[in-house]
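Take a look at the structure below.
The values are calculated or read from the model by the stated rules, or taken from the named source; none is laboratory data. No experiment lies behind these values; they were computed from the predicted model shown. Here the Cβ positions follow ideal geometry from the backbone for every residue, glycine too, while neighbour counts run over all protein chains shown. Only protein heavy atoms, including side chains, enter the accessible area calculation; ligands, DNA and RNA are left aside. Shrake-Rupley method; radii C 1.70, N 1.55, O 1.52, S 1.80 Å.
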Amino acid sequence: MTQPPRPILLVNPPLIGGIAFTRQGRCQEREEVLGTTKPPYSLALMAALVRQRDKPVLLVDLTAEQRSTESLVAELREAGSQPALIVFPSTTPTLLADVAEMSKLKDAFAAPLVCFGPHASTSPVESMARVPQVDVMIVGEPEEAVLALAAQDHFAPDAVPSVTWRRNGTVVPHSAHGSFSGFLDMPYPAWDLLDLRRYRLPMVGSPYVIVETSRGCPYSCDFCVAPLHQGHKFRERSAKALVDEIERSQRELGVNFFYLWGDTVTLNAKTFSVFCDERIARNLIVRWFGNARADNLTDPAFVHRLRRSGCWMLAMGIESSSPEIRKDMVKRLEEAKIRAAFQNLREAGIKSFGFFIFGYPGDTRESMEATIDYAIDLAPDFANFYPAVPYPGTALYDKARRDGLLTRDEWSKMEYSYYLLEGNGLNEQIVMDAINRAKRRFFLRPAYLTRHLADVARLAWTKPSIVTHLASRIFFGQKVVDATPPDLAFPPSRVQPL
């Protein structure tokens, strides 16, 4: 009897120490940072691509389902399902824990283990050395590499240029950076394989899905992994394709909220205005949000068009009050354009979300206090304050190593709960205290509470556990819960300057 073809298993790893992480694109944060773990869009797209080629595929989000890897092994065995390939996303802070879990699937089914994500793109050779259980790391955009591996009768990673792999225990570097040539006409994501009720927006409590508008970022902010993963060349999908996808999702999934996914969705005002007009013409009752840059939002007419198209909120990285520090970050933003962007959003009725970085090299106690004052003065509807994180592969990481600022090259601590740099009078205690002080000063102002009391109440109603946890951290200094078990963490030795 002919055996049925073995499926490709696409799996988002489980919680780490009870903590939910997002592993989607460049995003690699705990759920508490933005109040949600994003739907695994990359896996849903891969599932659609694999199905398009008549290959069986399984998609499981262990984080969203709050399930263990062992339960998945048992389920697959009971169903008589034997995966041919195990593909999972991972990030810098989650890699060690993710691989420990995914190895259980590899051991159970003797299938190759394939990892993708921003960390795999930036540090594939060192990562393969540290996690010997992984057979392949995809460098760059993962879709074509996954399809090539899935099409093989026998596992042959040497035939795929954009992967780092092993030959008899020796790590073989990639020879190309993955770029998805089918991006502009890709299929509808396989959202039917996921329970979308598990992905809900803070404040509204409604399900949402991701619609990818563009790839590539032409900017060079030195702390960001996005260009290292998807390159600098900006590629955008057509307005019709985007609105078709939104309309189908609303019709088939009953979803009315959409995360327009791109590093800067409003980068090209001319073409994005076409999207707005298409959405308005179809009279769809939907709301969307996404990321933007302040210098893309200086035209009031464009911003009002965004609002008419259903824009609910836009997030912008402002980073610092200091033009000199922003220049060092290669985050070139003019003061007048920053203020114009917030004013235009306010007048159009679009909520604004400002991001600020503390402890960047060159920051001082005084400059961090000035950034708090600046955030209050700009008065975005929401704000978040992050420590500078030196992700491997970024120019910030190289700078921190070169100047002897990096205290620990500990990947599991390279996330927004920790500060790993030391210098210029700053250390982890000082920077994290400044961040908590920023949150208290920003969110507890009488003017803010008066203007946003309804938003605060909705946030507490939709995400009570996250609000409680953050309040304990901000007001009482509750210690951060380490996600990665001690036996998986690297020794916290100080890094020697390069």
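Measuring spread by the Cα atoms of the range 224-353 yields a radius of gyration and Dmax of 15.3, 49 Å.
Net charge of the neighbourhood of His304, taken over other residues with C-beta under 15 Å away and scored Lys/Arg +1, Asp/Glu -1, is +3. Computed in the context of the full set of protein chains, the accessible area of the range 195-265 at 1.4 Å probe radius has 49% of its extent on carbon or sulfur.
Each other residue within a Cβ distance under 11 Å of His452 adds +1 if Lys or Arg and -1 if Asp or Glu, for a net charge of +2. With a ≥ b ≥ c the root eigenvalues of the C-alpha gyration tensor of the range 40-107, is it rounded (a/c under 1.5), prolate (a/b larger than b/c) or oblate? Judged from the Cα gyration tensor, the range 40-107 comes out oblate (a/c at least 1.5, b/c at or above a/b).
Extension gain, Asp158 to Val172, is 4.2 nm, computed as 0.36 nm per intervening residue step minus the present C-alpha separation. Rounded to the nearest 20, the size of the Cβ-charge dipole of the range 217-335 about its Cα centre is 400 debye, with Lys and Arg at +1 and Asp and Glu at -1.
Simple point charges give the picture: +1 on the Cβ of Lys and Arg, -1 on the Cβ of Asp and Glu, and for the range 301-440 a dipole about the Cα centre of about 680 debye. Here the chain is treated with +1 on each Lys and Arg Cβ and -1 on each Asp and Glu Cβ, and its dipole about the Cα centre works out to around 960 debye. Computed on the Cα trace of the chain, the radius of gyration divided by the Kirkwood hydrodynamic radius gives Rg/Rh = 0.95. Solvent exposure of the chain amounts to 40 Å² per residue of accessible area, where only protein heavy atoms count and the probe is 1.4 Å. Largest first, the residues Tyr219, Tyr418 sort by 1.4 Å accessible area into Tyr219, Tyr418.
Probe radius 1.4 Å, ligands and nucleic acids left out: which of Phe353, Phe443 has the largest accessible area, and how do the rest follow?
Ranked list, largest accessible area first: Phe443, Phe353.
As a length-normalised measure over Cα pairs under 8 Å and 6 or more apart, the relative contact order of the range 281-346 settles at 45 percent. Per-residue SASA remark: Arg53, around 120 Å² accessible (1.4 Å probe; ligands, DNA and RNA not included). For the range 337-430, carbon and sulfur atoms together expose 47% of the accessible surface, with a 1.4 angstrom probe and every protein chain in place.
Relative contact order of the chain, please, whole-number percent, based on alpha carbon pairs below 8 angstrom and at least 6 residues apart.
13
Based on Cα contacts under 8 Å between residues 6+ apart, the range 198-239 shows a relative contact order of 33 percent.
Count Lys and Arg as plus one, Asp and Glu as minus one, and take only other residues whose Cβ is under 14 Å from that of Lys240; the net charge is then -3. Shown for the range 129-180: the carbon plus sulfur share of the solvent-accessible area, taken with all protein chains present and a 1.4 angstrom probe, equals 50%. The Ala79 and Val274 beta-carbon pair, evaluated with R₀ = 35 Å, returns a calculated FRET efficiency of approximately 0.15.
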